[in-house]
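Colleague: Dumping the structure here so I can ask a few things about it.
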Amino acid sequence: MNNTDLKTQLIADFKTAEGRMNGEAKSAVHQIRQQALERFDKLGFPTIRHEEWKYSNVKNLVNQAFEFNAVTNFSAEDLAEMPIPNLEGNILYFINGIYNAELSTIVSPDSELQIMTFAEAAKNHADLVEQYFNKYTDYQDNAFTALNTAFAQNGVFVHVPDNKVVEQPIIIRFINDARTLNVASQPRNLIVVGKRSEVQIAEAFRTIGDNASFTNAVTEFVVAEEANVHYYKVQNESDKAYHVGTTSVLQAGKSVFTANTVTANGGFVRNNLNIKIDGEYAEANMFGLYIPNGKQHVDNHTAVDHAKPNSNSNELYKGILKGKSTGVFNGKIFVREDAQKTNAFQSCKNVLLSEDASMNTKPQLEIWADDVKCSHGTTTGQLNDDALFYMQARGISKDTARALLTLAFAQDVIDKFEITSIKEYLQELITEKIYQD
Amino acid sequence: MLKISNLQAKIGDKEILKGLNLEVKAGEVHAIMGPNGAGKSTLASVLAGRETYEVTGGSVEFDGKDLLELAPEERAAEGVFLAFQYPVEIPGVSTTNFLKTAVNEIRKYRGEEAMDAVQFLKMFKEKMKIVNIDQSLLNRALNEGFSGGEKKRNEIFQMAVLNPKLAILDETDSGLDIDALRIVAEGVNKLKSPDNATIVITHYQRLLDFIVPDFVHVLYKGRIVKSGTKDLALELEERGYDWIKEELGETV
């Protein structure tokens with residue numbers, strides 16, 4: 001295992017932070033942190049020799065120094081420069097990983113949901129956190145998840161009790177302020193949704209400034225019976241931003257979980273989405289869109305684990321690659337021996353808009369049950385020449401025709417967003433990026 | 001308006017047009033007929049600027065401009081319209097959105113101001129009447145899942161909206177039943193004016209019952225080998241193409 005600068009720095013940081021703790025050092029949460037740090041120390045950052053990281057090289061990331069949770073003078077004026085128009089709901093801001101109460105607004109009544117920072121929850125609702133924290137997220141094989149777990153402190157804890165339809169969405173904006181130095185943050189979110197409850201949650205990642213940014217995020221969902229959760233992840237970070245994120249979902253019977261992951265921009269992006277369906281008649285939907293250009297790299301690893309019978313999963317990822325960008329899609333479907341009558345569908349479609357762009361796709365199906373319907377398909381191609389000519393023959397320039405066709409290709413994923421403000425924001429981001437050269 | 005002189009074109013190594021001459025004046029309707037493989041659709045594609053065909057000789061003058069020098073979208077902006085034999089399905093783009101984009105790109109090319117939403121709507125409503133097309137069809141993704149008749153009607157609707165100087169109808173009658181054919185032909189006739197011209201490419205005479213041509217040309221082996229009036233079309237319908245081949249000295 002190679003000991004990198006970043007790794008040494010992080011282990012030292014952990015010891016320092018631990019030294020400052022009082023009673024919390026003995027808590028169950030902190031014991032998990034300690035185990036996770038040990039695991040991180042053992043694993044080290046992955047190299048491309050690691051099968052799961054074959055096409056995603058983190059060498060440039062781990063050779064840089066970052067200031068974690070750097071204090072910044074990010075203000076409401078700065079925020080006004082990067083608006084998501086018409087944003088409504090429970091809006092939480094984290095700047096360089098630190099919760100900013102001044103900018104944040106919580107509108108939903110306590111009876112609908114409890115929402116607080118992870119740190120506050122670990123202190124004041126230790127019982128709830130201990131019950132759910134790190135129950136499904138597996139850090140044994142993933143150094144980044146282990147690292148995030150070791151430093152689990154910043155982020156949100158959301159608890160929706162049973163039988164609640166949360167009217168207003170929860171929108172969490174993570175902003176890394178890299179205007180003066182290389183910054184890093186490690187959001188850790190835990191979202192517990194009770195039986196028959198419904199909630200919509202969006203995470204929006206953004207960077208400002210010209211220095212490097214590193215986000216290592218982990219979000220855990222615990223979805224109880226018959227609950228319905230919409231989860232949106234929107235990434236609009238800089239070309240110098242590294243983002244490694246893991247979302248882990250544990251679904252009970254008859255629940256519905258829908259994830260939409262859209263990478264509008266980012267230098268190096270790795271998204272892991274792991275869903276375990278641990279009940280019957282549940283449904284998991286996974287939608288994704290990524291549009292890297294220049295030298296950007298976007299890697300989506302998804303895994304859905306059907307552990308019980310009679311459940312469905314449905315997956316559609318779409319990629320539009322320009323410039324010298326690279327993309328990776330790895331989609332795992334596990335159907336356990338008990339999970340008879342599973343329906344699992346997976347599709348990944350890509351358009352390469354330049355000769356230098358490349359895409360690696362790998363569907364991985366492991367099926368132990370015998371009475372299941374599973375299908376997968378991946379395509380990587382160019383825009384349809386006949387369609388381009390048809391549009392040109394009507395007076396539309398080749399560039400506009402390409403942009404229209406590209407946008408049309410992306411549209412069905414954008415249309416799946418049900419939070420209007422976020423959908424419009426994305427529509428604009430994506431349209432702008434598609435029309436860029 | 002259009003002057004094609006000694007036009008030669010090939011696809012890959014295969015020569016298809018071998019010295020084609022044709023002149024079309026404003027206000028005229030020309031029908032081009034001919035057996036399969038004569039080069040009818042190639043002519044349409046070459047005039048519209050399809051890159052898969054390579055022009056190896058000859059010239060095409062359109063309103064004093066060298067048409068072959070222009071990109072397909074420039075030709076459209078200059079007033080050339082091709083009604084496709086097989087209109088392309090474009091998922092995710094509605095006919096309305098597609099045509100708004102087309103109209104405004106053409107207006108930009110001509111140095112005219114963009115049309116706003118209200119102007120569009122008014123113009124669309126007028127044009128919809130001409131081809132008897134339903135709003136719901138225009139809101140759907142362009143040609144996606146359209147029937148053969150709907151696709152062709154949509155082509156003529158696009159022609160009505162873009163109001164070209166020269167319309168080339170490539171086998172517009174193929175795949176249409178007689179009622180659909182009549183509607184499409186009525187649309188074309190309503191759009192006819194002393195300032196524009198139409199080239200009707202067809203395999204069968206029946207379309208010419210509805211769109212009456214001033215001139216009929218026989219395209220054979222990449223050349224126009226015979227021209228006449230609408231009576232020529234009737235004769236072709238009755239006698240087929242063999243007598244033309246005989247006239248050309250070919251043994252049949």
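The values are calculated or read from the model by the stated rules, or taken from the named source; none is laboratory data. Note that the structure is predicted; figures quoted are calculated from it, not measured. Every residue, glycine among them, receives a Cβ derived from its backbone with ideal geometry; neighbour counts consider all protein chains shown. Protein only, heavy atoms only, side chains kept; ligands, DNA and RNA dropped before computing areas. Shrake-Rupley method; radii C 1.70, N 1.55, O 1.52, S 1.80 Å.
Colleague: Among B:Leu162, B:Leu68, which is within 27 Å of B:Asp209 (Cβ to Cβ), of a type in the set (A, V, I, L, M) and open to solvent by 10 Å² or more (accessible area, probe 1.4 Å)?
Modeller: Values: B:Leu68 fails: within 27 Å of B:Asp209 (Cβ to Cβ).
After ruling out the rest, the residue left standing is B:Leu162.
Colleague: Just to be sure before I move on: is B:Gly240 of a type in the set (Gly, Ala, Ser) and exposed (fewer than 15 other Cβ atoms within 10 Å of the Cβ) in the structure I sent? Don't jump to the end; show me each part of the working.
Modeller: Details: of a type in the set (Gly, Ala, Ser): yes; exposed (fewer than 15 other Cβ atoms within 10 Å of the Cβ): yes.
So B:Gly240 fits the description; yes.
Colleague: Select, from A:Asn154, A:Asn176, A:Asn163, the only residue that is surrounded by fewer than 24 Cβ atoms within 10 Å (Cβ to Cβ) and in contact with a strand residue (DSSP E or B) (Cβ under 8 Å, 6 or more places away or on another chain).
Modeller: Working: A:Asn176 fails: surrounded by fewer than 24 Cβ atoms within 10 Å (Cβ to Cβ); A:Asn163 fails: in contact with a strand residue (DSSP E or B) (Cβ under 8 Å, 6 or more places away or on another chain).
Just a single option satisfies the conditions, and that option is A:Asn154.
Colleague: Still on this model: Scan the stretch B:77-112 residue by residue and report those that are surrounded by fewer than 16 Cβ atoms within 10 Å (Cβ to Cβ) and under 21 Å from A:Asp399 (Cβ atoms). Let's see the steps before the verdict.
Modeller: Taking the stretch B:77-112 and keeping what is surrounded by fewer than 16 Cβ atoms within 10 Å (Cβ to Cβ), we get B:86, B:107-112.
Those that are surrounded by fewer than 16 Cβ atoms within 10 Å (Cβ to Cβ) and under 21 Å from A:Asp399 (Cβ atoms): B:Arg107, B:Lys108, B:Tyr109, B:Arg110, B:Gly111, B:Glu112.
Colleague: Among the residues of the stretch B:190-236, write down those that are part of a helix (DSSP H, G or I), surrounded by 14 or more Cβ atoms within 10 Å (Cβ to Cβ) and of a type in the set (Asp, Glu).
Modeller: Once the filter is applied, which keeps residues that are part of a helix (DSSP H, G or I), surrounded by 14 or more Cβ atoms within 10 Å (Cβ to Cβ) and of a type in the set (Asp, Glu), the stretch B:190-236 yields B:Asp209, B:Glu235.
Colleague: Can A:Ser248 be described as over 23 Å from A:Gly327 (Cβ atoms), at pLDDT 95 or above and among the hydroxyl-bearing types (Ser, Thr, Tyr)? Can you show your working first?
Modeller: Working: over 23 Å from A:Gly327 (Cβ atoms): no; at pLDDT 95 or above: yes; among the hydroxyl-bearing types (Ser, Thr, Tyr): yes.
For A:Ser248, the condition - over 23 Å from A:Gly327 (Cβ atoms), at pLDDT 95 or above and among the hydroxyl-bearing types (Ser, Thr, Tyr) - is not met.
Colleague: Might you check whether a residue that is among the small types (Gly, Ala, Ser) and either surrounded by 15 or more Cβ atoms within 10 Å (Cβ to Cβ) or touching a His at 6+ places or on another chain (Cβ under 8 Å) (or both) occurs anywhere in the stretch A:412-427? Let's see the steps before the verdict.
Modeller: Filtering the stretch A:412-427 for residues among the small types (Gly, Ala, Ser) gives A:421.
From what is left, the residues that are either surrounded by 15 or more Cβ atoms within 10 Å (Cβ to Cβ) or touching a His at 6+ places or on another chain (Cβ under 8 Å) (or both) are A:421.
Checking the stretch A:412-427: at least one residue is among the small types (Gly, Ala, Ser) and either surrounded by 15 or more Cβ atoms within 10 Å (Cβ to Cβ) or touching a His at 6+ places or on another chain (Cβ under 8 Å) (or both).
Colleague: Still on this model: Tell me, which residue of the stretch A:396-437 that is not in a helix (DSSP H, G or I) and not aromatic (Phe, Trp, Tyr) is farthest from the other protein chains (Cβ to nearest Cβ)?
Modeller: Here is the first cut: in the stretch A:396-437, the ones not in a helix (DSSP H, G or I) are A:396-397, A:415-419, A:436-437.
Now narrow it down to the ones that are not aromatic (Phe, Trp, Tyr): A:396-397, A:415-416, A:418-419, A:436-437.
Details: A:Ile396: 5, A:Ser397: 5, A:Asp415: 10, A:Lys416: 14, A:Glu418: 19, A:Ile419: 21, A:Gln436: 18, A:Asp437: 18 Å.
Of everything passing the filter in the stretch A:396-437, A:Ile419 is farthest from the other protein chains (Cβ to nearest Cβ).
Colleague: State yes or no: is A:Phe40 among the aromatic types (Phe, Trp, Tyr), assigned to a helix (DSSP H, G or I) and more than 24 Å from A:Asn100 (Cβ to Cβ)?
Modeller: Values: among the aromatic types (Phe, Trp, Tyr): yes; assigned to a helix (DSSP H, G or I): yes; more than 24 Å from A:Asn100 (Cβ to Cβ): yes.
When the stated conditions are applied, A:Phe40 passes them.
Colleague: Oh, and also: Anything in the stretch B:1-56 that is without any contact (Cβ under 8 Å) to a residue 40 or more places away in the chain, within 14 Å of another protein chain (Cβ to nearest Cβ) and out of contact with any Phe, Trp or Tyr (no Cβ under 7 Å at 6 or more places or on another chain)? List them, or say none.
Modeller: B:Gly49, B:Glu51
Colleague: I'd like the residue in the stretch A:133-147 that is under 25 Å from A:Gly194 (Cβ atoms) and not basic (Lys, Arg) and, out of all such residues, is most open to solvent (accessible area, probe 1.4 Å).
Modeller: Keep residues of the stretch A:133-147 that are under 25 Å from A:Gly194 (Cβ atoms), which gives A:133-138.
Applying the additional criterion that residues be not basic (Lys, Arg) yields A:133-134, A:136-138.
Details: A:Phe133: 3, A:Asn134: 26, A:Tyr136: 62, A:Thr137: 7, A:Asp138: 87 Å².
Filtering the stretch A:133-147 for residues that are under 25 Å from A:Gly194 (Cβ atoms) and not basic (Lys, Arg), the one most open to solvent (accessible area, probe 1.4 Å) comes out as A:Asp138.
Colleague: Considering only residues of the stretch B:129-143 that are of a type in the set (S, T, N, Q) and outside any helix (DSSP H, G or I), which is least open to solvent (accessible area, probe 1.4 Å)? Reasoning before the result, please.
Modeller: Residues of the stretch B:129-143 that are of a type in the set (S, T, N, Q), as a first pass: B:132, B:135-136, B:139, B:143.
In the following step, the residues that additionally are outside any helix (DSSP H, G or I) were identified as B:132, B:143.
On the way: B:Asn132: 102, B:Asn143: 0 Å².
So the residue we want is B:Asn143.
Colleague: Also: Does B:Lys151 fit the bill of being in a strand (DSSP E or B), of a type outside the set (Phe, Trp, Tyr) and modelled with pLDDT of 90 or more? Before you say what the answer is, go through the steps one by one.
Modeller: Values: in a strand (DSSP E or B): no; of a type outside the set (Phe, Trp, Tyr): yes; modelled with pLDDT of 90 or more: yes.
Here the answer is no, as B:Lys151 does not meet what is asked.
Colleague: While we're here: Which members of the stretch B:57-92 meet the condition of being small (Gly, Ala, Ser) and either within 14 Å of another protein chain (Cβ to nearest Cβ) or in contact (Cβ under 8 Å) with a residue 12 or more places away in the chain (or both)?
Modeller: Of all residues in the stretch B:57-92, those small (Gly, Ala, Ser) come to B:57-59, B:64, B:71, B:76-77, B:79, B:83, B:92.
Listed by number, the residues that qualify are B:Gly57, B:Gly58, B:Ser59, B:Ala71, B:Ala76, B:Ala77, B:Gly79, B:Ala83, B:Gly92.
Colleague: Continuing with this model, one more query. Is it true that some residue in the stretch A:386-395 is outside any strand (DSSP E or B) and more than 10 Å from chain B (Cβ to nearest Cβ)? Reasoning before the result, please.
Modeller: Step one: of the stretch A:386-395, the residues outside any strand (DSSP E or B) are A:386-395.
Those left that are additionally more than 10 Å from chain B (Cβ to nearest Cβ): none.
No, there is no match, as no residue in the stretch A:386-395 is outside any strand (DSSP E or B) and more than 10 Å from chain B (Cβ to nearest Cβ).
Colleague: Residues B:Met123, B:Met115: which one is surrounded by fewer than 21 Cβ atoms within 10 Å (Cβ to Cβ), more than 14 Å from chain A (Cβ to nearest Cβ) and either among the hydrophobic types (A, V, I, L, M, F, W, C) or within 27 Å of B:Asn189 (Cβ to Cβ) (or both)? Before the answer, list the steps.
Modeller: Values: B:Met115 fails: more than 14 Å from chain A (Cβ to nearest Cβ).
The unique qualifying residue is B:Met123.
Colleague: Looking only at the stretch A:1-59, count every residue that is more than 18 Å from A:Tyr139 (Cβ to Cβ) and in contact with a Ser or Thr (Cβ under 8 Å, 6 or more places away or on another chain) and tell me the total.
Modeller: 5
Colleague: Pairs please, first residue from the stretch A:104-125 and more than 23 Å from A:Ser75 (Cβ to Cβ) and surrounded by 17 or more Cβ atoms within 10 Å (Cβ to Cβ), second anywhere and of a type in the set (Phe, Trp, Tyr) and at pLDDT 90 or above, Cβ atoms under 6 Å, 6+ apart in sequence or on different chains.
Modeller: Listed pairs, sorted by first residue: A:Met116/A:Phe157; A:Phe118/A:Phe157; A:Ala121/A:Phe157.
Colleague: If you go through the stretch B:128-148, how many residues are of a type in the set (Lys, Arg) and within 14 Å of chain A (Cβ to nearest Cβ)? Step through it out loud before you land on a result.
Modeller: So in the stretch B:128-148, the residues of a type in the set (Lys, Arg) come out as B:129, B:140.
Cutting the leftovers down to within 14 Å of chain A (Cβ to nearest Cβ) gives us B:140.
Of the residues in that region, 1 qualify.
Colleague: Now, a different point. Which residue out of A:Leu87, A:Leu128, A:Leu79 is in a loop (DSSP other than H, G, I, E, B), open to solvent by less than 70 Å² (accessible area, probe 1.4 Å) and either free of Cβ contacts under 8 Å to residues at least 40 places away in the same chain or assigned by TED's automatic domain parsing to the domain that holds A:Phe221 (or both)? Before the answer, list the steps.
Modeller: Values: A:Leu128 fails: in a loop (DSSP other than H, G, I, E, B); A:Leu79 fails: in a loop (DSSP other than H, G, I, E, B).
Checking each option against the conditions leaves just A:Leu87.
Colleague: Looking at the structure I just gave you, is A:Asn148 over 24 Å from A:Asn211 (Cβ atoms), in the same structural domain as A:Gly23 (by TED's automatic domain parsing) and either touching a residue at least 12 places away in the same chain (Cβ under 8 Å) or not hydroxyl-bearing (Ser, Thr, Tyr) (or both)? Spell out how you get there, then give the answer.
Modeller: On the way: over 24 Å from A:Asn211 (Cβ atoms): no; in the same structural domain as A:Gly23 (by TED's automatic domain parsing): yes; either touching a residue at least 12 places away in the same chain (Cβ under 8 Å) or not hydroxyl-bearing (Ser, Thr, Tyr) (or both): yes.
No; evaluated as a whole, the condition is false for this residue.
Quick grid of which residues meet (1) surrounded by fewer than 21 Cβ atoms within 10 Å (Cβ to Cβ); (2) not assigned by TED's automatic domain parsing to the domain that holds A:Val165:
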position: A:Leu250; (1), (2): no, no
position: A:Gly253; (1), (2): yes, no
position: A:Met286; (1), (2): no, yes
position: A:Tyr290; (1), (2): no, yes
position: A:Ala303; (1), (2): yes, yes
position: A:Ser313; (1), (2): no, yes
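Colleague: In the stretch A:268-281, is there at least one residue being part of a strand (DSSP E or B), open to solvent by less than 10 Å² (accessible area, probe 1.4 Å) and among the basic types (Lys, Arg)?
Modeller: Looking for residues that are part of a strand (DSSP E or B), open to solvent by less than 10 Å² (accessible area, probe 1.4 Å) and among the basic types (Lys, Arg), one finds at least one in the stretch A:268-281, hence yes.
Colleague: Output the number of the condition that A:Thr342 fails; it satisfies all remaining conditions of (1) among the hydroxyl-bearing types (Ser, Thr, Tyr); (2) more than 23 Å from the chain's Cα centre (by Cα); (3) open to solvent by 20 Å² or more (accessible area, probe 1.4 Å); (4) away from chain B (no Cβ under 14 Å).
Modeller: (3)
Colleague: Sticking with this structure for a sec: Quick check: anything in the stretch A:357-364 over 25 Å from A:Gly89 (Cβ atoms), part of a loop (DSSP other than H, G, I, E, B) and out of contact with any helix residue (DSSP H, G or I) (no Cβ under 7 Å at 6 or more places or on another chain)?
Modeller: Applying the first criterion (over 25 Å from A:Gly89 (Cβ atoms)) to the stretch A:357-364 yields A:357-364.
Restricting the remaining residues to those that are part of a loop (DSSP other than H, G, I, E, B) gives A:357.
Remaining after also requiring out of contact with any helix residue (DSSP H, G or I) (no Cβ under 7 Å at 6 or more places or on another chain): A:357.
Yes - at least one qualifying residue is present in the stretch A:357-364.
Colleague: Given the criteria among the hydrophobic types (A, V, I, L, M, F, W, C) and surrounded by fewer than 22 Cβ atoms within 10 Å (Cβ to Cβ), does A:Leu365 qualify? Steps first, answer last, please.
Modeller: Values: among the hydrophobic types (A, V, I, L, M, F, W, C): yes; surrounded by fewer than 22 Cβ atoms within 10 Å (Cβ to Cβ): yes.
Criteria met by A:Leu365.
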